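Inspection log for the structure reproduced underneath, given as structure tokens.
Quick note: the coordinates plus some simple rules give every number you see, no bench work behind them. Quick caveat, the model's predicted, so the values are computed rather than measured. Cβ atoms come from the backbone with ideal geometry, glycine included; neighbour counts cover every protein chain shown.
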Amino acid sequence: MITCHANRLSRLLLSLLSLTLAAATLLPGTAVAAQPLLMDGKQSLYQRVLSVPGARLHDGPAGGAGDAVVPFTAYYVYARRGDWVQVGTGRHGDTDGWLRAGDTIDWAQGLTVAFREADGRDRALLFRDAAALRDLAQNRDLDTYGVLYAAAAAGEANADSPVVAIQPSGKLDIRENFYLVPILSHQDLYVGSEQARLLQVSSVPLDSDKPLPADEPAAAPPARVASAPADAVDTGYRAGLVFAIDATLSMDPYIERTREAVMKIYEALGDAGLLGNVNFGLVAFRDSPQVVPELEYLSRTYVDLAQGRNPGAFLARVNDLSAATASSQDFIEDAYAGVKQALDEMQWSDHAARYLVLVTDAGPRTAADPLSSTGMDAAALRALAREKGVAIFVLHLLTEANSADHLSAAGHYRELAKFPGIGSLYYAVPTGDIEEFGQVLDTLAGQITMQVQMAAASQPLPPAPPPEPVVAEQSENPRLAELQSKVARLGYALRMQYLKRTEGEKIPNVFNAWLLDRDLRDPEQRTLDVQVLLTRDQLSDLHDILRGVLQTAEEGLLSPQNFLNELKSLAATVSRDPEQLGSTTATTAGAGNSLADLGFMREYIEDLPYTGEVMNLSLDDWETWPARRQIEFLHRLEDKITYYRALHDHTDLWVSLDGGAVDGDSVFPVALEMLP
């Protein structure tokens, strides 16, 4: 009897609940859905949208003033009614209100693109529809393309042109002028022999006016070709030049020669009335004092860029620096500790041109070294430097004492010193010759100073330097001539980037345009980089989950197949729906909850235009790899974990979309290759 009454009571409660929910759906603005709407043809992927700048959240689909929404907030879609969508930030039934459909962008995946600087190639064109661009690309109709490009670059595209916008000239700094170009859909095709993709995108800058409706295409905005006008006043262009110097035994002559080079530059700047336009910093590094206590410290900042404005302050602090009196444990030092401290502690944001010069005669402790304090390898450290806009030079002293390590060290340092479009800013000083070292140092610092003097004097830039030194073969030191050429091109690129930024040219505001991810004239060149927009909290979750997966695998609790499934689940979730981090891997959500185990892996991956290393890896591939290659793969994952931690801690890199302080909701576009 008790059971019977209980069953009737349960049925009554369920009936009342059903009636309540049904009644709620009849009231405007109060509809409650158990879960968001699914994407067409999907069983587990929900519809998501991004709010555009100027969007307002309403209680119901009836209009009214509404409340301002933080731009680019990601919402799940719970209902669609005419030109309105009901949204919620979570996927568990709690809704926040209604947005006009025109104030949202469909967000089928977490991927977005950033335009590469058009250095030596055309800027990307955005087309009104896919058909015109597809025909142009497949037929390689360069004549028609040339006419369209010239009109768009000159701001003269007419209303009948299939081109609706052109990529701004120069390099856009996403921290100075935040913009988002989400990928809505894609089509695969070949341009010549290169596989390419047509991408349907929206583009919205953070500080744009209210965007155009989706059915109202924008006219091509006039594109300005930046140059430095002869009467320009340019007192804001400053360079920061920081030295990270090996301060172990036998380095005293190089420390003294660096000090001498800096003082020469101070004198030249003083004579030109430009003290403060080039600021210097200095970080010294040794090796782990836990292993050799006599080394005293691992890394130490002697002069930061603020202190380095004044030659007296610089000299007073640098005079305290001397080489250690004790030897390190072996032939390598923790050079990356010095580089990372310089990246972390210097006031880089006050400087338009940012240079870091590593001076050492020893190889670095890499990520796999148990004595490494950073846990980073050259690629991750270089990526962190690029996020901060810092170019790294390496002056590698090939002294006889460390000859056994020269080849290995050179490989790491060449990688560390790579700069996009320029090459590696690495220079090996044979036998550690102090005279040649001084010559290279004077040349490097002198060129940087001259570039700043030109900017401060408002002198127009000369034409871009040639990609290769024309007289290198006839030079007494062809390697130095090559380095000079690279420094000239780097300085030119940084100066042009500064001019573009101060001119204020912005991303074009167009909806539902199409672009090609390859240069039509030179299909081997990509026109964009693929990124995933993550919040600071999501990056922290990604760090913890990936570390947990690796730790579980190391403890032998995951078979090779399950290990790969965990990695693929994580990679697919980050690319598709970062909000679900932690709920689609068995390591964090419980056994049997990975995407592979749930049977949803295919639909998470199948529509993505770009996939990373992990998602393309099969168990057969893994098992055929030799142990060395498997270990290298694991080291790359460990290096990414360290990169996530470093990126998370660099609060100056994060963008607060609401204009407030950096917090867990602040965002950063993480390059696809830095994700699992």
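Here are a few things to note about the model shown:
- Mean Cα-pair separation over length for segment 38-146, i.e. relative contact order, pairs under 8 Å, 6 or more apart, %: 22
- Least to most buried among HIS635, HIS186 (fewest other Cβ within 10 Å first): HIS635, HIS186
- Packing-based order for 657-665, 310-318, using average beta carbon neighbours within 10 Å, highest first: 310-318, 657-665
- Selection from ALA352, LEU282, ALA379 lying farthest towards where the dipole of segment 281-390 points positive, charges on Cβ: ALA352
- Dipole of segment 589-676 [Lys/Arg +1, Asp/Glu -1 at C-beta], most positive-end residue of PRO626, THR642, LEU598: PRO626
- All Cα-Cα distances of segment 239-501, cut into 5 Å bins from zero to the largest, leave 1, 6, 14, 18, 21, 18, 12, 6, 3, 1, 0 percent in each bin in turn.
- Surface/4 estimate of mean projected area, convex hull on alpha-carbon atoms of segment 24-106, nm²: 5.2
- Summing charges over neighbours of LYS42, with a neighbour being any other residue whose Cβ is under 12 Å away from its Cβ, gives -2 when K and R count +1 and D and E count -1.
- For LYS418, the residues whose modelled amide H falls within less than 5 Å of its own, excluding neighbours fewer than 5 places apart on the same chain, are LEU425.
- When each of LYS340/LYS640; LYS42/LYS640; LYS340/LYS568 is checked by Cα-Cα distance, pairs over 26 Å: LYS42/LYS640; LYS340/LYS568
- Loop-resident GluC sites (Glu not before Pro) (DSSP state other than H, G, I, E or B) in segment 609-676 with no more than 16 further Cβ atoms inside 10 Å of their Cβ: GLU613.
- Ordering TYR179, TYR46 from the fewest to the most neighbouring beta carbons within 10 Å gives TYR46, TYR179.
- Cα gyration tensor shape of segment 314-411, rounded if a/c is under 1.5, else prolate or oblate by comparing a/b with b/c: oblate
- Close amide H pairs (under 5 Å, H built 1.01 Å from N) link LEU184 with GLN200, VAL201, SER202, residues at least 5 positions away or on another chain.
- Whichever aspartates and glutamates have a C-alpha closer than 14 Å to that of LYS264, once near sequence neighbours (fewer than 8 apart) are set aside: GLU256, ASP442
- Ordering TYR266, TYR427 from the fewest to the most neighbouring beta carbons within 10 Å gives TYR266, TYR427.
- Segment 533-674, relative contact order [Cα under 8 Å, separation at least 6], %: 34
- Extension gain, ALA661 back to ASP369 (0.36 nm per residue minus Cα-Cα distance, nm): 101.5 nm
- In order through segment 630-643: 3J(HN,Hα) via Karplus (6.51 cos²θ - 1.76 cosθ + 1.60), integer Hz, x for Gly, Pro: 4, 5, 4, 4, 5, 5, 5, 5, 5, 5, 5, 4, 5, 4
- Residue-wise HN-Hα couplings along segment 561-575, as the Karplus relation 6.51 cos²θ - 1.76 cosθ + 1.60 with θ = phi - 60° gives them from phi, are 5, 5, 4, 5, 4, 4, 5, 5, 4, 5, 4, 5, 5, 4, 6 Hz; Gly and Pro carry x.
- Whole-Hz couplings from phi, Karplus 6.51/-1.76/1.60, listed for segment 661-668; x for Gly and Pro: 5, 5, 9, x, 8, 5, 10, 8
- Annotation: amide H of TYR302 within the under-5 Å range of LEU282, VAL283, ALA284, sequence separation 5 or more or interchain, hydrogens built in the peptide plane.
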